[in-house]
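Below: the structure, in structure tokens.
The values are calculated or read from the model by the stated rules, or taken from the named source; none is laboratory data. On a predicted model such as this, the values are computed, not experimentally measured, just so you know. When we count neighbours, we look across all protein chains shown, and the Cβ atoms used for this are built from the backbone with ideal geometry, even at glycine. Ligands, DNA and RNA are excluded from the accessible area calculation, which covers all protein heavy atoms including side chains. Shrake-Rupley method; radii C 1.70, N 1.55, O 1.52, S 1.80 Å.
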Amino acid sequence: MSNPELESDHYDVIVIGTGLSESIAAASLAKSGKSVLHLDPNEYYGGEQASLTLDELINWSNQHASSSSSNSSKYHIRYSSSSTTSLTEELEFNKRRYSLSLFPSILPSRGQLIDTLISSDVSKYVSFRILDSISLYTSTQTEKEESGKFRKVPGSKEEIFKDKSISLIDKRKLMKFLLFTAGEFEQDDLLKGKENQPLIQFLQETFSLSSSLSESIIYAISHCTSPQENTLSALQRTRRYLKSIGRYGNNAFLVGQYGGAGEISQGFCRACAVFGGTYVLGPSASLTSIETTSEGVSIKLPCHPRPVTASHLISSPNHLPSVLIQRNSSSYTNSNQEEQFITAHCVAITKTLPAALRRNTLDPDLKDDNEEIENDDTAVVVFPREGDNVVRCYVNGEGTGSCPPGQYIIYLSTALSKEPSNAKSTSPSEMLKPYLDKITSDSIFESYYISTRLSLTSDIPESSDSIIILKPYAGDELLTEGLDWEAKQGEEAYYKVIGKDGKQFFEKDATEEEELGIDQDDL
């Protein structure tokens, strides 16, 4: 911000952080007529969902090379064990041409975020493409070596009937399951008494599905982390994914351009600015003090000579001092309510086409076609691990705008032990490097780190009604569920400020023509 100080000493709402949930809350409140001051102590937009250039990722990694700061509370998202390989001369030259996500995720075509993008008109600022494929990696062990192949999983009815690797009998069983799951199955006799069964048991006993088909459903259609996941919750998530197929294409998921979540966050920040929001980024936005008052909150900023007050403050836990996140002991007496989600991550770059993107590898029937085959540009690959959580891989090519031509971004992640003592002894590179080598043996850059998120069965305790603390996503399905979770948090924060009787979330006051001042008679 070029001005030495803010235009006002008071705002209706102060929002700290430009992550997706914070940006949605800020844009919706500005749209409703509230004055919004939006702060982020980072030099970039996106917060925990940021899309970083290569040099920014390296700087971020250096800040999280060791264990988390002792000043952080257990409610904070914590990063540790971060490392990167050195940059080649070519990478150094192109380092600003990358858009690398701290929150790699795909968007279901039906859900909270897609509805919010449409109702807010922020869909005008961002672009998406259909996810090209979802594959399972199947390994074959011999006495001398381990080998494997990528098996594309059909996602639509048309793809199922074209798939020659599935017998006609199995196709009928699979279609019966998919039709059941796409409907209102909660009261169906097939499910009664089996809601808490492991999903794999339900698939094999109720629908007589083979181990191979069950595995495909569990990991590539239901997107479970483990075959032991509760049947009811897995089916409910699967139903939403199935209903997403066909809305925009033959896949249930969309891929955000230019790094995904960070670009979407910036779209909502643009919308907030259009409706009058004030932005300050960088050190000038770092709070030097924060306290609650009888009328709301009061903060001090380096960019303003006087305290800034507001009726409400919205923030994720990471931007607030621990003292403001007080625990109400009467509400949190059961230690089993807390569960840590510890995840190992890898971000890699390669100049070699990953085998998972080769169409003639995924679709052998295409080999005989005379026409040139266009390879996939985006893919999700799942590596099942017997007795352990899956490793997920998400690949972005140049068509996503996240890397220079001829290169590919590879994201890998897997859930670790929920016991911190066990997770601390795990090196993310040792855990994920073997799977990266299955995707490509020719990476030109690698980065690894561990994230720790705390899940609570109820909301993060808030020290006052004027401070609204957003709850970060904490679960094992971040790839497919994380974006919708953030959108839901943004909407909930909006109603905590406005109230249920106020304006609806992104309520349209006028038609687009009216907003532009175009008379209907002129059309």
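Key figures for this structure:
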item	result
Test set (1) over 19 Å from ALA271 (Cα atoms); (2) hydrophobic (A, V, I, L, M, F, W, C); (3) over 18 Å from the mean Cα position of the chain (by Cα); (4) at pLDDT 90 or above - ILE450 fails condition number	(3)
Criterion: surrounded by fewer than 20 Cβ atoms within 10 Å (Cβ to Cβ) and at pLDDT 95 or above - qualifying residue of PRO420, PRO405	PRO405
The one condition in (1) within 30 Å of ILE134 (Cβ to Cβ); (2) modelled with pLDDT of 95 or more; (3) surrounded by 15 or more Cβ atoms within 10 Å (Cβ to Cβ) that ASP437 fails to fulfil	(3)
Members of region 111-125 found to be at pLDDT below 95 and surrounded by 18 or more Cβ atoms within 10 Å (Cβ to Cβ), listed by number	none
Close pairs from region 481-502: first of a type in the set (D, E, K, R), partner at pLDDT 95 or above, Cβ under 6 Å, at least 6 apart	ASP484/GLY111; ASP484/GLN112; ASP484/LEU113; GLU486/LEU20; GLU486/SER21; LYS488/GLN112; GLU491/PHE505
The one condition in (1) over 21 Å from the mean Cα position of the chain (by Cα); (2) of a type in the set (Ser, Thr, Tyr); (3) exposed (fewer than 15 other Cβ atoms within 10 Å of the Cβ) that SER210 fails to fulfil	(3)
Which numbered condition THR352 fails, given (1) hydroxyl-bearing (Ser, Thr, Tyr); (2) modelled with pLDDT of 80 or more; (3) buried (at least 19 other Cβ atoms within 10 Å of the Cβ)	(3)
Residue in region 77-96 that is acidic (Asp, Glu), modelled with pLDDT of 95 or more and open to solvent by less than 40 Å² (accessible area, probe 1.4 Å) present	no
Pick from region 233-261, criterion of a type in the set (Phe, Trp, Tyr) and not in a loop (DSSP other than H, G, I, E, B), ranking: farthest from the chain's Cα centre (by Cα)	TYR241
Answer from LYS496, LYS503 - the residue that is surrounded by fewer than 18 Cβ atoms within 10 Å (Cβ to Cβ) and either within 19 Å of THR18 (Cα to Cα) or within 14 Å of the chain's Cα centre (by Cα) (or both)	LYS496
Condition met for GLN266 (at pLDDT 95 or above, open to solvent by 30 Å² or more (accessible area, probe 1.4 Å), assigned to a helix (DSSP H, G or I) and in the same structural domain as PRO321 (by TED's automatic domain parsing))	yes
Where ASN375 falls short, out of the listed (1) open to solvent by less than 50 Å² (accessible area, probe 1.4 Å); (2) at pLDDT 90 or above; (3) under 25 Å from SER105 (Cα atoms)	(1)
Residues located in region 168-201, provided they are surrounded by 13 or more Cβ atoms within 10 Å (Cβ to Cβ) and among the polar types (S, T, N, Q)	THR181, GLN197, GLN201
Filtered residues of region 23-46 (kept if open to solvent by 10 Å² or more (accessible area, probe 1.4 Å) and either within 20 Å of the chain's Cα centre (by Cα) or over 19 Å from THR116 (Cα atoms) (or both))	SER35, PRO41, ASN42, GLU43, TYR44, TYR45
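Rundown of residues vs (1) without any contact (Cβ under 8 Å) to a residue 60 or more places away in the chain; (2) crowded, with 24+ Cβ neighbours inside 10 Å; (3) under 30 Å from GLY155 (Cβ atoms), yes/no style:
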position: GLY249; (1), (2), (3): no, no, yes
position: ALA261; (1), (2), (3): no, yes, yes
position: VAL280; (1), (2), (3): no, no, no
position: SER284; (1), (2), (3): no, no, no
position: ILE290; (1), (2), (3): yes, no, no
position: GLY296; (1), (2), (3): no, no, no
position: CYS303; (1), (2), (3): no, no, no
position: ASN318; (1), (2), (3): no, no, no
position: SER322; (1), (2), (3): no, no, no
